[in-house]
C-alpha cells in the first residue's frame, strides 16, 4: 500500500523501524538500567552528568573516542614529499 505523506509512512512503519534500529545498534550505556561510575570527587556529580561520564568511560574503553591528533578511522597518512615554502616577498620581515 502506498503512503502519500511522511506522517502516513511513519504511522505505518515507525514501530518496525524503531525495533530494527534497536536490534542493529546496541547502546554502550543505558541510563535507565546501567550503574554509573563512582569517582572520588569533592562534590558528587549530578545524575545526568554521572551517566555522561560513565558513557564516555565506556566509549574510551571500547576505543571509540578519536583524539584530535589522530587521523579519522580508516584514513591513511600520506607522506608529503614537498616542504611548505613561503613566497620570496614574505621571507624577510619589513623594516618598521
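The values are calculated or read from the model by the stated rules, or taken from the named source; none is laboratory data. Bear in mind that the values here come from a model prediction, so they are computed numbers and not experimental data. Note that each Cβ is placed from the backbone with ideal geometry, even for glycine, and that neighbours are counted across all protein chains shown.
Residues of the stretch 15-40 that are assigned to a helix (DSSP H, G or I) and touching a helix residue (DSSP H, G or I) at 6+ places or on another chain (Cβ under 9 Å): 17 alone. If you go through the stretch 19-33 and keep only what is surrounded by 10 or more Cβ atoms within 10 Å (Cβ to Cβ) and either modelled with pLDDT of 95 or more or over 24 Å from residue 57 (Cβ atoms) (or both), you end up with 19, 20.
Cβ-Cβ distances below 6 Å connect no pair with a first residue in the stretch 44-64 that is on the phi > 0 side of the Ramachandran plot and in contact (Cβ under 8 Å) with a residue 24 or more places away in the chain, a second residue that is assigned to a helix (DSSP H, G or I) and surrounded by 13 or more Cβ atoms within 10 Å (Cβ to Cβ), and a separation of six or more residues or different chains.
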